[in-house]
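The block underneath contains the structure these notes are about, expressed in structure tokens.
The values are calculated or read from the model by the stated rules, or taken from the named source; none is laboratory data. None of the values given here were measured: they were computed from a predicted structure. Here Cβ is always computed from backbone atoms with ideal geometry, including for glycine, and neighbour counts include all displayed protein chains. For the accessible areas, the whole protein counts, side chains as well, though only heavy atoms, and no ligand, DNA or RNA atoms are used. Shrake-Rupley method; radii C 1.70, N 1.55, O 1.52, S 1.80 Å.
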Amino acid sequence: MYIQYNCKIFKWLCLSLILMFLDIYTKSFIRAHFFIGEIFPILPGVNLCCVLNSGIAFGLLSNIICVYQKIYIALIILVIIMVVFFLYGSNCFCKTYSFSYSMMIGGALGNLYDRILYGAVIDFIDIYVANWHWPAFNIADVTIFFGFFLLIKEHFFNFYNI
């Protein structure tokens, strides 16, 4: 039973690694083909661009000094470890929880990779309506968002039996 349980955890951690490598690949593609600030329209309301985000979500606290960046990286590592423990402690037979945790771990690892390597996260998806632009984001941000959304949805519907 223990080995079977660990194999299920391993499967979900492999999904996290796949999502992390997908994020790293897309960011390296953008970095290789775009200059910082360059914009390329792909659909109405959607641009590809290259933006360095040294802050937290949506560029908040982007002017913090280097010492705080190191503290921020340490906090990200701590959160990743906590989510791995949540994955390990969750009932792996509930695929929604496991999938959610895996998505969040993969996205966090992808952004952590950028923070350690470049000191900032590469964002490249620009969504806009008229002149209003949503802050640029990347594949890691999408996986973190949907992982968190699925986790909240699953918890809410299971807790209230809806």
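Tabulated results
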{"item": "Any hit, region 124-142, residues being assigned to a helix (DSSP H, G or I), open to solvent by 80 Å² or more (accessible area, probe 1.4 Å) and among the charged types (D, E, K, R)", "result": "no"}
{"item": "Any hit, region 100-116, residues being on the phi < 0 side of the Ramachandran plot, within 16 Å of the chain's Cα centre (by Cα) and loosely packed, with under 14 Cβ neighbours inside 10 Å", "result": "yes"}
{"item": "Count of residues meeting criterion [in a loop (DSSP other than H, G, I, E, B) and either open to solvent by less than 30 Å² (accessible area, probe 1.4 Å) or touching a strand residue (DSSP E or B) at 6+ places or on another chain (Cβ under 7 Å) (or both)] in region 69-93", "result": "2"}
{"item": "Total residues in region 25-68, condition out of contact with any strand residue (DSSP E or B) (no Cβ under 6 Å at 6 or more places or on another chain) and modelled with pLDDT under 90", "result": "14"}
{"item": "Flag if Val121 is aliphatic (A, V, I, L, M) and within 24 Å of Gly37 (Cα to Cα)", "result": "yes"}
{"item": "Region 34-45, residues that are surrounded by 12 or more Cβ atoms within 10 Å (Cβ to Cβ) and closer than 25 Å to Gly106 by Cβ", "result": "Phe34"}
{"item": "Pairs with Cβ under 8 Å, 6+ apart, first in region 114-130 and without any contact (Cβ under 8 Å) to a residue 24 or more places away in the chain, second acidic (Asp, Glu) and crowded, with 17+ Cβ neighbours inside 10 Å", "result": "none"}
{"item": "Residues of region 143-152 satisfying the condition of being within 8 Å of the chain's Cα centre (by Cα) and surrounded by fewer than 20 Cβ atoms within 10 Å (Cβ to Cβ)", "result": "Phe145"}
